[in-house]
Amino acid sequence: MSKSSIRRACAALAAATSLALAVTACGGTTKDDAKDTGGSGAAAGKADPGAATKKGLTVGFLPKQVNNPYFTSADKGGEKALKELGSSYKETGPSTATDTSGQVSYVNTLTQQQVDAMAVSAQDPGALCTALKQAMKNKIKVVTYDSDTKTDCRNAFVSQASSEDLGRTEVQLLAEQIGYKGEIAILSAAQTATNQNAWIDFMKEELKDPKYKNIKLVKVAYGNDDAQQSFQQTQGLLQEHPKLAGIISPTTVGIKAAAQYLSGSKYKGKVKLTGLGTPNDMRKYVKNGTVEAFELWDPAKLGELAARTAVALSSGQITGKEGESFKAGAMGSFTIGKDGVINLGKPTVFNAKNIDQFNF
Ligand code: RAM
């Protein structure tokens, strides 16, 4: 049996059977294999920055949620980049942002389909680990994008911006809007989401600064990246805390639903709202005075960088170790940071002055 057919047989076995059986049958416990399956920094061999970019690869995108316009834009960015690189794209994933067991099955499906790499936005940091490690054991490169898993469960994480910057700047934006005083709340996505939870931790850190001593965080609510639930959670926040001065919603689904609720209520323009939204979703709420300023990165660029990272890993140009660099086409050169994190850049703050310059 050739190496690649053994790999295929093992991949199918891994996806179809229990982990223990697949590991035993494929001899995956040898020292070399163990070295090979580690996440960032633990990949086998050395990076060869001069290696040719492989063509004809298949990269599977697995977002948190397929019918979320943010992920549609991100994954389209990935698809376009893969086409340019002569490789193929496929997308699969759950329709709700709280289906962690569904995400596990989708990872297993991609493993079974023997993709060369997968780009995953994790609904939960730990839930996917066993499945992702199994994928890596089958020589599939694993990139997380948007929302990370644990560092040893993937080869690299393509991050939209520094979590610290995102968390702190959202507090700064809201504090200015409410004059540094009053009750505030956070309307998040799923309770398990790695990205939102990391940002919320930094929001809490930022709030410790004495300049926010007159601001009180009264609640963190979860709308699960579902429009209706996020709308109802906003309504509930205002009922429970009628003196609320402002809301931070670090999710494109949440901020849109909160803006929709506030815009049709007596709180419009009075209860301030900021967070992470797409300019196209938020334009009308900026123009009608519901929202002053919010931020985001370009999701298509995030998807593009995830695709280019996956191809660079599959081509052997990088292994996921800190300090390795690779060229990402017209996006320029990127260097892998601590824990295998690749940063897209700084987010943009949108307001009435600049929002019409953006179309995503
Ligand atoms: C939602 C998702 C996604 C997050 C954006 C800001 O679309 O929760 O993970 O990055 O919002």
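The values are calculated or read from the model by the stated rules, or taken from the named source; none is laboratory data. Since this is a predicted model, take the numbers as computed values, not measurements. Cβ placement follows ideal geometry from the backbone for every residue including glycine, while neighbour counts extend to all protein chains displayed. Quick note on the areas: whole protein, heavy atoms, side chains included, nothing else; ligands and nucleic acids left out. Shrake-Rupley method; radii C 1.70, N 1.55, O 1.52, S 1.80 Å.
Matching residues to (1) in contact with a strand residue (DSSP E or B) (Cβ under 6 Å, 6 or more places away or on another chain); (2) in a helix (DSSP H, G or I); (3) not polar (S, T, N, Q):
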| position | (1), (2), (3) |
| --- | --- |
| 217 | yes, no, yes |
| 225 | no, no, yes |
| 229 | no, yes, no |
| 246 | yes, no, yes |
| 260 | no, yes, no |
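Table: residues versus (1) of a type in the set (Ser, Thr, Tyr); (2) open to solvent by 40 Å² or more (accessible area, probe 1.4 Å); (3) closer than 15 Å to residue 170 by Cα; (4) at pLDDT 95 or above.
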residue	(1), (2), (3), (4)
184	no, no, yes, yes
187	no, no, yes, yes
190	no, no, no, yes
194	yes, no, no, yes
199	no, no, yes, yes
205	no, yes, yes, yes
212	yes, no, yes, yes
217	no, yes, yes, yes
223	no, no, no, yes
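For residue 221, state whether it is touching a Leu at 6+ places or on another chain (Cβ under 6 Å), outside the structural domain of residue 147 (by TED's automatic domain parsing), within 16 Å of the ligand (Cβ to nearest atom) and of a type in the set (A, V, I, L, M, F, W, C). So residue 221 fits the description; yes.
In summary, residue 269 fulfils each of the numbered conditions (1) outside any loop (DSSP other than H, G, I, E, B); (2) open to solvent by 20 Å² or more (accessible area, probe 1.4 Å); (3) away from the ligand (no atom under 16 Å from the Cβ) with the single exception of condition (1).
Applying the criterion of being among the small types (Gly, Ala, Ser) and open to solvent by less than 10 Å² (accessible area, probe 1.4 Å) to the residues of region 47-76, the residue that is nearest to the ligand (Cβ to nearest atom) is 74.
Taking residues in region 330-349 that are without any contact (Cβ under 8 Å) to a residue 60 or more places away in the chain, and partners anywhere that are open to solvent by 60 Å² or more (accessible area, probe 1.4 Å), the pairs with Cβ atoms closer than 6 Å and at least 6 places apart or on different chains are 333/327; 338/322. Filter region 106-155 down to the residues that are under 19 Å from residue 193 (Cβ atoms) and among the polar types (S, T, N, Q) and list them by number. Matches in region 106-155: 121, 123, 144, 147, 149, 151.
Of the listed requirements (1) within 16 Å of the ligand (Cβ to nearest atom); (2) assigned to a loop (DSSP other than H, G, I, E, B); (3) of a type in the set (Ser, Thr, Tyr), residue 274 misses just one: (2).
Of all residues in region 272-301, exactly one satisfies the criterion of being under 26 Å from the mean Cα position of the chain (by Cα), open to solvent by 40 Å² or more (accessible area, probe 1.4 Å) and without any contact (Cβ under 8 Å) to a residue 40 or more places away in the chain, namely 284.
Taken over region 277-307, the criterion of being part of a helix (DSSP H, G or I) and aliphatic (A, V, I, L, M) is satisfied by 282, 286, 300, 302, 305, 306, 307. Scanning region 330-360 for residues that are under 21 Å from the mean Cα position of the chain (by Cα), among the charged types (D, E, K, R) and part of a loop (DSSP other than H, G, I, E, B) returns a single hit, 346.
I'd like to know if region 43-64 contains one or more residues that are of a type in the set (D, E, K, R) and touching a strand residue (DSSP E or B) at 6+ places or on another chain (Cβ under 8 Å). Looking through region 43-64, none of the residues is of a type in the set (D, E, K, R) and touching a strand residue (DSSP E or B) at 6+ places or on another chain (Cβ under 8 Å).
Considering region 142-179, the residues that are open to solvent by 10 Å² or more (accessible area, probe 1.4 Å), under 27 Å from residue 131 (Cβ atoms) and not in a loop (DSSP other than H, G, I, E, B) include one that is farthest from the ligand (Cβ to nearest atom), namely 152.
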